[in-house]
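K.L.:
Quick one: the structure is below, and I'll ask about it shortly.
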Amino acid sequence: MKKQFITALLLLVCSVKSFADEGMWLPQLLQTLNEKEMKKMGMKIKASDIYNINKSSLKDAIVSLGGFCTAEVISNEGLILTNHHCGFDAIQNHSSIEHNYIQNGFWAYNKNEELQNPGLFVSFIVSIEDVSSSILKNINSKLSEKERQTTIDQNIATLKSSYKKNSYQDVIIRPFFDGNAYYLFVTETYKDVRLVGAPPASIGNFGKDTDNWMWPRHTGDFSMFRIYADKDNHPAAYSPNNIPYTPKRALNISLKGMKAGDFTMVFGFPGKTNEYLSAYAIQQIKDIYDPAKINIRHDILELMKRFMVKDEAIKIKYAAKYASIENAYKKWQGEVLGLQKSNAIQKKKDRETIFLQRVNANPAWKESYGQLLPQLEAAYELNKAYALQRDYYNEIIPRIELFNIAATTANIIAENEKKDAAANIDRNKKNLDRLEDIFKEYDPELDRQLFIKLMSRYVNDQNAAAVSPMLSNALINHSIEDLANEMYTASVLTVYDNIKNMMTMSANEFKTRITSDTLFQLYVDISKTYSQQVAPFYNKNQNEINQLQRSYVKAQMEVFKEQKFYPDANSTLRLTYGNVMGYQPRDGMKYDYYTYMDGIMEKYKPGDYEFDVPQKLIDLYQAKDFGPYGVNGKQPVCFIAANHTTGGNSGSPALDAYGNLVGLNFDRVWEGTMSDINYDATICRNIMVDIRYVLFIIDKFAGAKNLIAEMKIIK
Ligand code: ARG
Ligand code: GLU
């Protein structure tokens with residue numbers, strides 16, 4: 001009896017998470033949930049200095065950049081700072097052979113030189129409000145998932161239409177805790193955002209794929225933009241008459257640097273996490289889905305690399321694609337290893353044991369939650385084959401450019417069949433632009449070989465029902481190689497001008513030509529097979545899982561009352577906090593928490609694609625010309641801390657105990673990428689570039705003193 005009690009107690013201690021560093025917290029709840037702990041950990045300001053709707057606070061300096069990254073205001077003239085990889089698309093769009101801003105960097109030495117970026121926007125959060133009771137009105141457990149969603153959508157529409165806001169503001173309502181709560185955000189979105197500065201990629205993406213997700217790191221991953229507003233400081237479409245935005249708040253910058261144990265916060269827009277899954281769900285990710293996706297991407301990357309090392313033009317064409325495929329490929333490998341090493345599944349199982357003990361001891365809980373875990377397991381098990389087929393489809397089909405080309409021509413056919421001719425012309429111009437973009441980054445021979453490799457997997461790894469019948473039939477008396485050769489040789493889709501010229505044909509003729517193309521037919525058959533044999537079953541099962549998971553999250557919040565809960569990331573504004581510290585990736589290995597420019601020179605490989613260093617940077621290093629940004633003859637570059645971050649937190653400010661800007665978040669360490677599923681404070685670290693390195697590059701390397709002069713720097 002006693003032994004049992006002790007085991008239960010031990011289990012409880014281990015499984016009720018108490019790590020202070022874990023969590024992506026809602027800024028308006030910091031005062032209630034976190035302030036005390038944050039102060040204990042070293043914070044010197046108040047929660048109301050971070051989020052306040054009655055006066056300016058730190059949150060007024062934080063923006064979502066384009067919905068995929070974070071940026072922060074660092075001057076009273078609307079200057080914002082984000083990562084190089086967040087601004088990369090804009091940098092790439094302005095680059096040409098004559099103005100290669102990727103290679104040489106870009107600096108606006110006055111505001112007239114700043115470059116506009118159609119489509120890029122930043123959103124400020126004005127206020128956040130709990131609207132759960134209005135949105136979940138008339139919701140009960142008897143509703144089907146579909147009825148429930150319809151009611152919620154109606155409630156959202158009603159609240160949105162009656163909500164008081166200014167004309168230049170938007171209202172967004174989002175589910176939290178898997179749909180157990182809803183929050184409303186008033187936002188202001190500025191659409192005139194101009195490029196101000198970016199270092200050369202040899203600084204902004206130093207170390208490229210080899211160093212990606214890795215510590216020790218030496219990347220100056222930053223770029224700068226400026227927000228422009230109309231004469232009333234309100235959002236406006238691009239206009240040469242717009243003026244630099246005057247922020248409610250700009251961050252102060254501290255040159256003091258960080259030491260081990262110092263308190264830090266990261267304030268931004270994390271994209272997606274899954275912290276409340278069952279052990280069974282994690283097991284599937286670790287054993288089935290991650291490995292499948294890793295294997296497919298391994299094939300793709302290997303093939304692309306083979307072409308890229310031989311041919312400079314292909315290297316340029318495929319660089320961005322390669323980097324993005326590689327990014328998740330590497331992350332998933334770290335995730336699988338991290339889940340293994342941190343014993344994530346056993347930890348969840350232990351937690352489930354306690355969950356069940358508590359649930360069974362309480363008749364009401366037993367009634368509502370007693371069967372949740374086995375039901376979840378059954379639902380996941382039922383969905384296993386479909387979820388895997390979905391991963392195969394999503395990982396394979398969009399990687400074959402001829403399928404993307406076929407999909408775009410299918411859009412053109414669909415456009416042509418719509419009534420409004422004028423609008424069709426407009427939308428077909430978009431389709432043609434899309435085709436042009438695809439062809440710019442396309443090599444027919446590489447694509448053909450990718451087709452052979454990936455279609456072999458598509459056919460051989462999946463059960464017959466998920467495979468396109470047209471393809472299976474063709475393979476009865478053809479090898480996949482012969483089939484690929486025939487189709488790529490005969491297809492009209494392999495050359496941009498073919499399609500462009502066909503656009504002058506009548507709609508009917510265009511349709512006849514395209515639909516008689518075998519590659520086009522194959523694309524149609526593959527997507528039809530997916531939407532008939534996989535998607536409906538997957539969606540049905542996933543609905544069931546969502547419903548059960550929503551109950552499971554609710555149950556966990558009731559049953560583990562002693563635990564503080566934070567909602568999973570969903571691209572809304574969050575604050576995470578933790579202390580600066582190194583970590584031990586493996587037995588006998590210990591990582592320090594800071595890197596310096598000496599490490600850049602250690603990694604330096606002249607002429608290398610990843611590790612070359614600009615001569616000017618070498619000169620500054622050798623002269624130790626670090627200005628006010630160096631310490632004791634060394635220039636700090638990056639540092640790590642135990643802040644709980646994820647994709648979307650790129651570009652987020654790293655703040656010190658006083659809320660001053662000390663760094664810029666841009667990555668996590670490889671061993672800790674499982675933090676999206678199972679945060680573990682012993683090994684999960686976020687990587688930040690030291691603000692002193694950023695300023696050193698702007699000031700000493702680029703000589704953009706005009707930008708330094710705008711900032712408020714605390715020495
Ligand atoms: N791993 C970081 C993130 O998830 C940085 C990616 C950009 N850098 C790169 N070498 N691909 O976005
Ligand atoms: N590089 C990531 C991003 O673009 C941040 C790294 C992470 O996933 O934590 O948001």
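The values are calculated or read from the model by the stated rules, or taken from the named source; none is laboratory data. Keep in mind that this is a model prediction, so the values were computed, not measured. FYI the Cβ positions are ideal-geometry reconstructions off the backbone, even for glycines, and counts take in every protein chain you see.
K.L.:
Confirm whether residue 59 is more than 16 Å from ligand 2 (Cβ to nearest atom), closer than 16 Å to residue 656 by Cα, at pLDDT 95 or above and surrounded by 15 or more Cβ atoms within 10 Å (Cβ to Cβ).
P.N.:
It is true that residue 59 is more than 16 Å from ligand 2 (Cβ to nearest atom), closer than 16 Å to residue 656 by Cα, at pLDDT 95 or above and surrounded by 15 or more Cβ atoms within 10 Å (Cβ to Cβ).
K.L.:
Condition first: within 16 Å of ligand 2 (Cβ to nearest atom), among the small types (Gly, Ala, Ser), assigned to a helix (DSSP H, G or I) and in contact with a Ser or Thr (Cβ under 9 Å, 6 or more places away or on another chain). Can you find one or more residues in the range 309-330 that meet it?
P.N.:
no
K.L.:
So, residue 50, is that one within 16 Å of ligand 2 (Cβ to nearest atom) and either among the β-branched types (Val, Ile, Thr) or in contact with an Asp or Glu (Cβ under 6 Å, 6 or more places away or on another chain) (or both) or not?
P.N.:
So residue 50 does not fit the description; no.
K.L.:
Taking interchain pairs and intrachain pairs at least six residues apart, which have beta carbon atoms under 7 angstrom, with the first residue in the range 536-561 and within 19 Å of residue 357 (Cα to Cα) and aromatic (Phe, Trp, Tyr) and the second at pLDDT 95 or above and part of a helix (DSSP H, G or I)?
P.N.:
Within 7 Å, the pairs are 552/372; 552/376.
K.L.:
Please go through the range 565-595 and pick out each residue that is modelled with pLDDT under 95 and either closer than 19 Å to residue 553 by Cα or touching an Asp or Glu at 6+ places or on another chain (Cβ under 7 Å) (or both).
P.N.:
585
K.L.:
Could I ask something else about it? Please tell me if residue 295 is away from ligand 1 (no atom under 16 Å from the Cβ) and closer than 24 Å to residue 448 by Cα.
P.N.:
For residue 295, the condition - away from ligand 1 (no atom under 16 Å from the Cβ) and closer than 24 Å to residue 448 by Cα - is met.
K.L.:
Looking at 217, 174, 148, 226, can you tell me which residue is among the basic types (Lys, Arg), within 30 Å of residue 552 (Cβ to Cβ) and in contact (Cβ under 8 Å) with a residue 12 or more places away in the chain? Lay out the reasoning, then the answer.
P.N.:
Working: 217 fails: within 30 Å of residue 552 (Cβ to Cβ); 148 fails: in contact (Cβ under 8 Å) with a residue 12 or more places away in the chain; 226 fails: within 30 Å of residue 552 (Cβ to Cβ).
Unique residue meeting the criteria: 174.
K.L.:
If I go through the range 516-535 residue by residue, how many of them are assigned to a helix (DSSP H, G or I) and within 27 Å of the chain's Cα centre (by Cα)?
P.N.:
Residues in the range 516-535 being assigned to a helix (DSSP H, G or I) and within 27 Å of the chain's Cα centre (by Cα): 4 in total.
K.L.:
Would you check which residues across the range 667-707 are within 16 Å of residue 258 (Cβ to Cβ), among the charged types (D, E, K, R) and away from ligand 1 (no atom under 16 Å from the Cβ) and list them?
P.N.:
690, 692
K.L.:
Are there any helices (runs of 4 or more DSSP H) wholly within the range 129-208 with 3 or more residues that are away from ligand 1 (no atom under 16 Å from the Cβ) and buried (at least 18 other Cβ atoms within 10 Å of the Cβ), and if so which?
P.N.:
On the way: elements: 132-135, 145-162, 201-204.
Passing ranges, in order: 145-162.
K.L.:
Quick one: in the range 298-322, of everything that is within 30 Å of residue 386 (Cβ to Cβ) and within 16 Å of ligand 1 (Cβ to nearest atom), which residue is surrounded by the fewest Cβ atoms within 10 Å (Cβ to Cβ)? Show your work before the answer.
P.N.:
Within the range 298-322, the subset within 30 Å of residue 386 (Cβ to Cβ) is 298-304, 321-322.
Now restrict to residues that are within 16 Å of ligand 1 (Cβ to nearest atom): 300-301, 304, 321-322.
Working: 300: 22, 301: 18, 304: 24, 321: 16, 322: 18.
Per the criteria, the residue is 321.
K.L.:
If the requirement is being on the phi < 0 side of the Ramachandran plot and within 16 Å of ligand 1 (Cβ to nearest atom), which of these qualifies: 64, 57?
P.N.:
Values: 57 fails: within 16 Å of ligand 1 (Cβ to nearest atom).
The match here is 64.
K.L.:
Restricting attention to the range 262-274, which residues are closer than 21 Å to residue 391 by Cα and either charged (D, E, K, R) or not in a loop (DSSP other than H, G, I, E, B) (or both)? Spell out how you get there, then give the answer.
P.N.:
If we filter the range 262-274 for residues that are closer than 21 Å to residue 391 by Cα, which is where we start, we get 271-274.
Once the filter is applied, which keeps residues that are closer than 21 Å to residue 391 by Cα and either charged (D, E, K, R) or not in a loop (DSSP other than H, G, I, E, B) (or both), the range 262-274 yields only 272.
K.L.:
Same structure again: Any residue in the range 642-660 that is among the charged types (D, E, K, R), more than 30 Å from residue 271 (Cβ to Cβ) and within 30 Å of the chain's Cα centre (by Cα)? Walk me through it before giving the result.
P.N.:
From the range 642-660, those among the charged types (D, E, K, R) are 656; that's our starting set.
Remaining after also requiring more than 30 Å from residue 271 (Cβ to Cβ): none.
The answer is no, given that none of the residues of the range 642-660 is among the charged types (D, E, K, R), more than 30 Å from residue 271 (Cβ to Cβ) and within 30 Å of the chain's Cα centre (by Cα).
K.L.:
For residue 593, are the conditions met, namely being in contact with a strand residue (DSSP E or B) (Cβ under 9 Å, 6 or more places away or on another chain) and not basic (Lys, Arg)? Please lay out each step first, then the result.
P.N.:
Numbers: in contact with a strand residue (DSSP E or B) (Cβ under 9 Å, 6 or more places away or on another chain): yes; not basic (Lys, Arg): yes.
Yes; evaluated as a whole, the condition is true for this residue.
K.L.:
Among the listed residues 595, 576, which satisfies the condition of being of a type outside the set (Phe, Trp, Tyr), away from ligand 2 (no atom under 16 Å from the Cβ) and part of a strand (DSSP E or B)? First the steps, then the outcome.
P.N.:
Numbers: 576 fails: away from ligand 2 (no atom under 16 Å from the Cβ).
Result: 595 is the single residue among 595, 576 that is of a type outside the set (Phe, Trp, Tyr), away from ligand 2 (no atom under 16 Å from the Cβ) and part of a strand (DSSP E or B).
K.L.:
Here is a follow-up. Within the set of pairs 6 or more residues apart or between chains, which connect a residue that is more than 19 Å from residue 674 (Cα to Cα) and free of Cβ contacts under 8 Å to residues at least 24 places away in the same chain inside the range 305-333 to a residue that is assigned to a loop (DSSP other than H, G, I, E, B) and within 16 Å of ligand 2 (Cβ to nearest atom) with Cβ atoms less than 8 Å apart?
P.N.:
As it stands, the answer is none, since no pair meets every condition given.
K.L.:
Then there's this: Return the residues of the range 165-217 that are among the small types (Gly, Ala, Ser) and at positive phi; say none if nothing qualifies. Reasoning before the result, please.
P.N.:
So the first thing to find is which residues in the range 165-217 are among the small types (Gly, Ala, Ser), and the list is 167, 179, 181, 197-198, 201-202, 204, 207.
Hits for the range 165-217 are 179, 207.
K.L.:
Does residue 409 satisfy the condition of being outside any helix (DSSP H, G or I) and out of contact with any strand residue (DSSP E or B) (no Cβ under 8 Å at 6 or more places or on another chain)? Explain how you work it out, then say what you get.
P.N.:
Working: outside any helix (DSSP H, G or I): no; out of contact with any strand residue (DSSP E or B) (no Cβ under 8 Å at 6 or more places or on another chain): yes.
The answer is no for residue 409.
K.L.:
Scanning for something closer than 18 Å to residue 428 by Cα and polar (S, T, N, Q), does the range 515-538 turn up at least one residue?
P.N.:
yes
K.L.:
Okay, next question. Can you tell me which residue is farthest from ligand 2 (Cβ to nearest atom) among those in the range 209-228 that are within 19 Å of residue 70 (Cα to Cα) and not in a loop (DSSP other than H, G, I, E, B)?
P.N.:
228
K.L.:
Do we find a residue being buried (at least 17 other Cβ atoms within 10 Å of the Cβ), within 16 Å of ligand 1 (Cβ to nearest atom), hydroxyl-bearing (Ser, Thr, Tyr) and in contact (Cβ under 8 Å) with a residue 24 or more places away in the chain anywhere in the range 246-254?
P.N.:
Scanning the range 246-254 turns up no residue that is buried (at least 17 other Cβ atoms within 10 Å of the Cβ), within 16 Å of ligand 1 (Cβ to nearest atom), hydroxyl-bearing (Ser, Thr, Tyr) and in contact (Cβ under 8 Å) with a residue 24 or more places away in the chain.
K.L.:
Could you tell me how many of the residues in the range 76-94 are surrounded by 22 or more Cβ atoms within 10 Å (Cβ to Cβ), more than 12 Å from ligand 2 (Cβ to nearest atom) and at pLDDT 95 or above?
P.N.:
Here the count works out to 4.
K.L.:
Hey, can you tell me all the residues within the range 324-344 that are crowded, with 20+ Cβ neighbours inside 10 Å and either away from ligand 1 (no atom under 16 Å from the Cβ) or more than 29 Å from residue 211 (Cα to Cα) (or both)?
P.N.:
Matches in the range 324-344: 339, 342, 344.
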